[in-house]
Amino acid sequence: MHILKYSAAVLGLIALCGGARAEDGDIIDAATVTPLAGWVEHATGVHMQALPRTIASTEKLQSALAMEGVQKARAAAAYLPGRILISNAVWDPDSIRAQSYLVHELVHHAQLVSRRVYPCGAAKEREAYMLQNEWLKQHGEEPLVTQEWIDNISSCSNANSGDGDGD
Ligand SMILES: [Zn+2]
């Protein structure tokens, strides 16, 4: 009896480890995205009628960034109108940090549907990184980036301030 229980536990552990990594092209289901979107709606005050189609794919992410001419080879995720792409090497449904990337991109979705006017693309990144950090904090994790870093990249006078949506 004890042996059976033990092997069941071991099997469970293997299943947990093996199941964490996403295949390229996996669609991230609504059960995962909806609670994150709910948090973003609450934080931004923007109601999102429809959730973006969310796909874990390094290949799609890289080609989308290349099409936009964005030099962001290390980007983990991106928002395109109505669509979120996250690297499948980064995506892990059990990781708070991986989920925080979806929170960041969902903020960009909220920004688009809100039709709010931002002074520049970099200002959109400020909101997205601030809320990503806030979400991590609420879930007991360290911030992704420092406030100083956010202040630096989100200045509209910064030469690096692009349209911001590819981040
Ligand atoms: Zn961004």
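The values are calculated or read from the model by the stated rules, or taken from the named source; none is laboratory data. Note that the structure is predicted; figures quoted are calculated from it, not measured. All Cβ positions, glycine included, derive from the backbone under ideal geometry; neighbour counts span all protein chains shown.
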- Item | Selected residue (criterion: surrounded by the most Cβ atoms within 10 Å (Cβ to Cβ)) from residues of region 117-135 that are under 15 Å from TYR79 (Cβ atoms) and out of contact with any Ser or Thr (no Cβ under 7 Å at 6 or more places or on another chain) | ALA128
- Query: Under the condition of being without any contact (Cβ under 8 Å) to a residue 60 or more places away in the chain and either within 19 Å of GLU127 (Cα to Cα) or in contact with a helix residue (DSSP H, G or I) (Cβ under 8 Å, 6 or more places away or on another chain) (or both), which residue from region 48-76 is surrounded by the fewest Cβ atoms within 10 Å (Cβ to Cβ)?
  - Reply: ALA73
- Query: In region 84-122, how many residues are away from the ligand (no atom under 14 Å from the Cβ) and more than 26 Å from GLY140 (Cβ to Cβ)?
  - Reply: 6
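Being modelled with pLDDT of 95 or more and over 16 Å from ILE27 (Cβ atoms) is true for just one of ARG83, ARG53, ARG97. Which residue is that? Working first, answer last.
On the way: ARG83 fails: over 16 Å from ILE27 (Cβ atoms); ARG53 fails: over 16 Å from ILE27 (Cβ atoms).
After applying the criteria, what remains is ARG97.
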- Note on the structure: Of the conditions (1) at pLDDT below 95; (2) touching a helix residue (DSSP H, G or I) at 6+ places or on another chain (Cβ under 8 Å); (3) farther than 22 Å from HIS47 by Cα, the single one that ASP165 does not satisfy is (3)
